[in-house]
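Some notes on the structure that comes next.
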Amino acid sequence: MDALEAIMTTRAIRRFTGEPVSDDDVWTCLRAAQQAPSGGNVQPTRYLVVTDPEVREEVGKLYRSAFTRYTEIAPARTDTVGLRIGRSANHLADTVASVPVIVFFLMPRTPSLVEGIDIGPVHASVYPAVQNFCLAARALGLGTTLTTVIRVHQAEALELLGVPAQWEIAAMVPLGHPAEKFSVAKRREVSKLTSFNRWS
Ligand SMILES: Cc1cc2nc3c(=O)[nH]c(=O)nc-3n(C[C@H](O)[C@H](O)[C@H](O)COP(=O)(O)O)c2cc1C
């Protein structure tokens with residue numbers, strides 16, 4: 001698939017068929033993730049791939065609870081797009097345990113990759129890997145959504161997965177065969193958000 005087509009049609013897929021994902025495809029996505037840039041090429045990301053149905057079940061419970069907590073606190077959106085996202089995100093929260101693969105992207109709990117100087121947050125060296133993973137999945141015809149709401153129950157999730165205390169969750173990405181169509185998402189017009197040479 002053409003790279004630009006993959007980029008333009010990679011969007012949040014939250015409905016999955018339940019069909020298994022091959023190990024080869026998972027490794028292709030992980031290799032693409034690991035190929036992403038990181039500050040000083042430190043490569044801080046760790047990947048925790050959950051496929052065991054019992055662990056997915058437990059992750060699903062935490063995710064459902066985290067999402068419910070989020071909806072209780074976040075202001076409810078009543079516009080058409082907001083309602084669509086809400087329905088879709090709620091569906092994922094109800095069904096995430098049935099998605100065949102759930103990947104946790106872990107990052108070190110440190111304010112900076114180089115102590116004593118701000119050369120950018122650690123996140124900046126992790127999310128490129130997450131997006132590469134999602135793009136590779138798209139190229140393989142697989143769906144993903146970058147999610148972070150599990151952080152509401154981060155301590156419980158890390159304990160469940162046996163992750164040592166020096167790591168935190170950057171993202172949790174369900175991976176599966178999509179039960180919805182890929183399409184180019186509507187976005188704000190980039191020319192209205194861009195200035196050249198000086199802010200305007
Ligand atoms: C930092 C970040 C956190 C997100 N967290 C969640 C989440 O916890 N749950 C969820 O269902 N979607 C989550 N999303 C997905 C967004 O809702 C989605 O990317 C956005 O609505 C655009 O979707 P579209 O590409 O299909 O238009 C997150 C996206 C980002 C970038």
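The values are calculated or read from the model by the stated rules, or taken from the named source; none is laboratory data. Predicted, not measured: the structure shown is a model, and the values here were computed from it. Because the Cβ atoms are built from the backbone with ideal geometry, glycine has one as well, and the counts that use them run over all protein chains shown. The accessibility values were calculated without ligands, DNA or RNA, using every heavy atom of the protein model including side chains. Shrake-Rupley method; radii C 1.70, N 1.55, O 1.52, S 1.80 Å.
Values as computed for the structure displayed
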quantity: Kirkwood Rh in Å, taken over region 1-130 so that all alpha-carbon pairs contribute; calculated: 17.2
quantity: Descending semi-axes in Å of region 2-73, equivalent ellipsoid built from Cα gyration tensor; calculated: 26, 18, 17
quantity: Accessible-area composition of the chain, carbon plus sulfur, in percent [1.4 Å probe]; calculated: 55
quantity: Linear extension gain, Ala74 paired with Arg15, 0.36 nm per residue minus alpha-carbon span; calculated: 19.0 nm
quantity: For region 137-162 versus region 1-80, the gap between their alpha-carbon centres in whole angstrom; calculated: 5
quantity: Accessible-area value, Val184, 1.4 Å probe, nucleic acids and ligands omitted, Å²; calculated: 90
quantity: Stokes-Einstein diffusion coefficient of region 101-200, Kirkwood radius over Cα pairs, 4 °C, 1.567 mPa s, in µm²/s; calculated: 80
quantity: R0 of 41 Å, Cβ-Cβ distance Glu156-Ile7: FRET efficiency to nearest 0.05; calculated: 0.75
quantity: Gain on full stretching of the segment that runs from Leu83 to Gln43 - 0.36 nm per residue minus C-alpha separation; calculated: 10.7 nm
quantity: Two-decimal Rg to Rh for region 140-181 - Kirkwood Rh, Cα set; calculated: 1.10
quantity: Probe 1.4 Å, accessible area per residue of the chain, Å²; calculated: 59
